[in-house]
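Structure first, commentary second.
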Amino acid sequence: MTPLRAQLLAWYDENARALPWRVGPHDRAAGVRADPYRVWLSEVMLQQTTVPHASPYFLKFTARWPTVTDLAREDDGEVMAAWAGLGYYARARNLLACARAVAGEHGGVFPDTEEGLRTLPGLGPYTAAAVGAIAFDLPTNVVDGNVERVMARLYAVEQPLPDAKPELKRLAAALVGADRPGDWAQALMDLGATVCRPKAPLCDRCPIAGRCAGLATGAPETYPKKTAKAERAHRYGVAYVLTRGDQVALIRRPPRGLLGGMLALPTSEWRAARWSDAEAHAAAPADAPWRGVGEVEHGFTHFTLTLRLLRAEGDADGVIWSPRRDLDALPSVFLKAARAGLTSLL
C-alpha cells in the first residue's frame, strides 16, 4: 500500500461519516457487507442532492420498500410521489426500471461485476463504479464531484472543468488499489465533503496535506479551476390554481420530458416571453372567474422560471381532484405555486 493510501485510509477509519446507507470501516473489517440495494439507492439519490436532504428520503424509501423486489412491485405513481422534492424525475423512472430489471432478470440480486452493473437501466459509469466498489469491494474508479476536487487540489491541475474531467479521472484511477477498495472510495468522498470543501478547505485537518500541490501554491481553494458558466435561460408560464371546495385540480404531465409522469397544477406552455392577460386566460383549463394572485420563481438545472398564478373556484373536465392536504407529494415547483395560490385567499 502506498503511503498516501495508508494515510487516507487511517484517517477514514477514525473519521468516517455515519450515514444511513453506509457500513462503516470497523464493521466492514469485521466482515459486515453492504447491501447493494441500499448502496445503489443512496447513490441515485445523492446524484441529485446533498446528504442531509437525501437521508430522510432514503429512510422513507427503505422503510416502505426494504428490498429491490419490494420497490419493483410498486405502482409508478406511488414511487414518483415518494420521490417528489428530490427533483430530476427521470431518475425516479430509471430507478423503477432498474429495480424491475434486477427483480425480473436477476432474481432480485444485483450483478457483482462492474460490467454486469452497467447493463442495468440508468446505471452509468459512475453509479456502476460506486456500487461495485462499495457493495462488492471491486477496485473500480469512483469519481464524483468531491473526488474531482480532491484530485484537482492534490495535483494542482490547471486545466479548468469540465475539460479537466478526463485528467482528474486518470489521476484518481492511478490511486485505486486492490486493498479495501470500498473504503478507499468512501474515504475520498468523505475527505472532499468534510475537509477538502469547495470553500474554506480545512487543510490543517487533512491527512494528506503534506502531499498536496494545491496547498503548496498557497491558494488551494482556487482549485479546481472552472470555466465561466453561461447564464441560464429564463422562461415564463402560467399556473392555474382551480379549487372545488377543499379540492384542487391537478393534471398528470406527459410521461416524457421535464417532470414527466408527475402530478402537477395545470399550466400554460413555458416560453421565453411573458404571457399577456388575454393569452393567460385563453390557455386556462376551464371557463372560470380567474384572477391574478401573484407569481413564484423556480430554478431548474438549465433554466429559471417565473410562473404567473391565476386562481379560481369552479369545475373542469379532464382534471384530477386532490384534497389540499395531499399536495405535499407535488414536485417542488408546483407545490410552491399551489401554496402561494391558495394562501392568497386567506
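Computed values, structure above
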item: Out of V157, V195, sole residue that is in the same structural domain as A81 (by TED's automatic domain parsing), within 28 Å of the chain's Cα centre (by Cα), without any contact (Cβ under 8 Å) to a residue 12 or more places away in the chain and buried (at least 18 other Cβ atoms within 10 Å of the Cβ); result: V195
item: Residues (surrounded by fewer than 15 Cβ atoms within 10 Å (Cβ to Cβ) and touching a Phe, Trp or Tyr at 6+ places or on another chain (Cβ under 7 Å)) located in the stretch 82-137; result: D112
item: Residue within the stretch 44-52 that is touching a helix residue (DSSP H, G or I) at 6+ places or on another chain (Cβ under 9 Å), polar (S, T, N, Q) and under 19 Å from D328 (Cβ atoms) present; result: yes
item: Selection from the stretch 118-127 of residues that are closer than 21 Å to R170 by Cα and either touching a Leu at 6+ places or on another chain (Cβ under 8 Å) or among the small types (G, A, S) (or both); result: L123, G124, T127
item: Residue in the stretch 46-64 that is touching a residue at least 24 places away in the same chain (Cβ under 8 Å), closer than 24 Å to G257 by Cβ, outside any helix (DSSP H, G or I) and touching a Lys or Arg at 6+ places or on another chain (Cβ under 9 Å) present; result: yes
item: Those residues of the stretch 198-207 which are in contact with a helix residue (DSSP H, G or I) (Cβ under 6 Å, 6 or more places away or on another chain) and either surrounded by fewer than 21 Cβ atoms within 10 Å (Cβ to Cβ) or without any contact (Cβ under 8 Å) to a residue 24 or more places away in the chain (or both), in sequence order; result: C203, P207
item: G294 vs. criteria touching a helix residue (DSSP H, G or I) at 6+ places or on another chain (Cβ under 7 Å), in contact (Cβ under 8 Å) with a residue 40 or more places away in the chain and surrounded by fewer than 17 Cβ atoms within 10 Å (Cβ to Cβ); result: yes
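The values are calculated or read from the model by the stated rules, or taken from the named source; none is laboratory data. Worth saying up front: this structure is predicted, and the values here are computed from it rather than measured. Cβ atoms come from the backbone with ideal geometry, glycine included; neighbour counts cover every protein chain shown.
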